[in-house]
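Chemist: Please read through the structure below; I'll follow up with questions.
Read-outs throughout are calculated quantities, based only on the coordinates presented, and are distinct from any laboratory measurement. Fair warning: this is a prediction, and the values are worked out from it, not measured in the lab. No Cβ is skipped: glycine too gets one built from the backbone with ideal geometry, and neighbour counts run over all protein chains shown.
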Amino acid sequence: VCGWYSTRRPYGLIPLIVTVAICAGWCSPAATQNVPPQLTADVGLTIVASDRIEPATPNQAVYDFGKASLLDQTMVEQDFTIRNDSKSQLTVSRLQSSCGCTTAILRSSDGTSAVLAPGGQTGAHVTVNLAGLHAGPIHKLVEVYVEGNPLPAAILKIEGELTPAVTFSPSALSFGRVQAGAEHHLTLTTTLDSRLAGPRGRMPTLLSSDPSIRVRPIPAPAGASGPARTQAYEVTLAANAPLGFITGQLEFAASRDLSSVVSRALSGASAAVSAQISGDITVQPQVVAFGAVQQGHEASRQLILAGSPAVQLESIVITSESAQLSAKLEPMSPAHVGKLNVRLSAHAAAGLFRSQLALALPNGQRLLIPVSAYITR
Amino acid sequence: MKLIALLTLLLLPIQPAAAHPSHRRAPNFTLRDRAGKTHTLLSYRGRPVTLFFLCGCTHCTELARQWAEWQNGGVLVHTTTIVIFAGEAQYADGRISASGLATNQTTILGDPDLRVTRALYHAPTCPRVFVLDAHGIVRYTNNHTDDAPQKAPALLIASRTLAALRRSAPKHP
């Protein structure tokens, strides 16, 4: 094509080349590829095989810890030996773990770097903290970097399965969209490792993080001989729950009666509960997210408030939980719709800002609006 | 000849790949959800996408809970949330779904061998987030000193993500 084109249009080749280059840019590998590029740099770093470590390739190895329960152990630890099989000196400059639950240190003087002559080797000690992780398969990895190469020169993997000490069924509860003013109930079943039961087989107490959601154990029927570690609960959404979207977590209470092992096993277990409660007013959006706000700068967001025709907007009492947060309702047309202008003061302190606005109606209904911001210096 | 040159000049401004490295096009991938259905990033073009890389540790759960509050509160109606879970998608249930993420706004995909996480997105450390605009260009990722994974509070990462979404699609409330 180019030969024909250059013969017929001797000066026309340049636009053709440019056009082809543009098309090539459109179809560039970064835009369409599904096959990942190289995962590691082959610089001659080798992970030494042992009875517990199986290298998949010379520079990638897996330690499979099998099954573990938080009631038996909270840590998985393993040593890997890394050898320089290249013909030049390599400097291991850092170890990068995939998760905050995983730490890795080199068996060197400073723990973070090691100079390896050809044939030389060093050790890496990897620890996975299982506390706080949910049950199921665990895949954690540590990347080993050497000076002068942006890709990891070796990958150390720790895999296995964390068996559940507690399971919730269902794992998340939703009341769906419900009307205010009436109680609503759902059932939750928990299955606990029998070692989590306290003295005389007493089960730990399940609590809700939201005061509008209550939890009560359902007594097993008389004569029932089911497994003692399974417990059903009635989860109740209170009749006076605030309007709007509410969400909470069901978690086991910390108690001095529980051993540290049991407390640790219970600490990561939770089930989410949510409900959308309809009443005489709605607001959209239902939360105020200021996002990142620079300290010393005021921020504002606008919400649209709509009431049923019977609601007088002027009768709504707005209160703020924080002195740095204010809100003003501006009526619109039609009369039962208004703009709620929410303002975050320039004097808010740096860091996390969490608060809420409460809108109270004369009939006793309340609408709570969570507010969040991150104030940066 | 003139016509070809003119066409070439007209085509130049619409070259899709942005030159700035932080505004690169997000690499495409195909992964499966918990039902085994395959999802391709390209099919989400046309609206902003928030792409999370999560493993289910406490840092990841905290970020997912914050995002869930905004999703359910109606703040994120103009974006699609994709969670790439470090493992098989079915195991994300107890870890990520339980954080309260809105099922109708979230797609959870499994990346069992971490190939997409590591090789395509260079995001081995969790929790990591990428904001993609409607054209698939990366507009934000938390790889700065103050919003780095494992170090920054979840609310800061979420707030920066939201700010990038608002820049990409100003309709966000």
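Chemist: Relative to the present Cα-Cα distance, how much length would full extension add between A:His125 and A:Glu314 at 0.36 nm per residue of separation?
Modeler: So the extension gain works out to 61.5 nm.
Chemist: Per DSSP H run of n ≥ 4, the term is -39500 (n - 2.57); total these for the protein assembly as shown, divide by its residue number, and report the mean residue ellipticity at 222 nm rounded to 500 deg cm²/dmol.
Modeler: Result for the protein assembly as shown, helices only: -4000 deg cm²/dmol.
Chemist: By how many nm would the segment from A:Glu321 to A:Ala238 grow when fully extended, if each residue of separation counts as 0.36 nm and the alpha-carbon distance is taken off?
Modeler: Difference between extended and current length: 27.7 nm.
Chemist: Sticking with this one: To one decimal place, what orientation-averaged projected area in nm² is obtained for the convex hull of the Cα set of the protein assembly as shown?
Modeler: 35.1 nm²
Chemist: Could you state the principal axis extents of the C-alpha atoms in the stretch A:109-149, from the largest down, to the nearest angstrom?
Modeler: Per principal axis, max minus min of the Cα coordinates gives 42, 22, 17 Å.
Chemist: Return the inverse of the average 1/r over all pairs of distinct C-alpha atoms in the stretch A:326-377, which is the Kirkwood hydrodynamic radius, in Å to one decimal.
Modeler: The answer is 13.0 Å.
Chemist: Please give the FRET efficiency for A:Ala335 paired with A:His185, using the beta carbon to beta carbon distance and R0 = 35 Å, rounded to the nearest 0.05.
Modeler: 0.40
Chemist: Springs between alpha-carbon atoms under 10 Å, Gaussian network over chain A: tell me which of A:Ile304, A:Ile277, A:Ile47 tops the mean-square fluctuations.
Modeler: The residue with the greatest mean-square fluctuation here is A:Ile304.
Chemist: Taking the stretch A:242-361 on its own, what percent of its Cα-Cα pair distances exceed 25 Å?
Modeler: 43 percent
Chemist: Then there is this: Please give the FRET efficiency for A:Ser109 paired with B:Arg24, using the beta carbon to beta carbon distance and R0 = 41 Å, rounded to the nearest 0.05.
Modeler: Result of the calculation: an efficiency of 0.55.
Chemist: Counting only the backbone N, which residues of the stretch B:50-78 are under 18 Å from the spot 7 Å out from the Cα of A:Glu77 toward its beta-carbon?
Modeler: none
Chemist: Taking θ = phi - 60°, what integer Hz values does the Karplus form 6.51 cos²θ - 1.76 cosθ + 1.60 yield along the stretch B:39-51, in sequence order, with x for Gly and Pro?
Modeler: Each residue of the stretch B:39-51 in turn: 10, 10, 4, 3, 6, 9, 4, x, 8, x, 10, 9, 10 Hz.
Chemist: For q = 0.15, 0.20, 0.25 Å⁻¹, what log10 I(q)/I(0) does the stretch A:51-128 give under the Debye formula with an equal point scatterer on each alpha carbon and no solvent?
Modeler: -0.60, -0.98, -1.32
Chemist: I would also like to ask the following. Report, largest value first, the span of the C-alpha coordinates of the stretch A:85-140 along each principal axis, in whole Å.
Modeler: Extents along the principal axes: 44, 21, 13 Å.
Chemist: Along the Cα-to-Cβ line of A:Ala56, 7 Å from the Cα, sits a label point; which residues in the stretch A:136-176 have backbone N less than 17 Å from it?
Modeler: A:137-144, A:152-161
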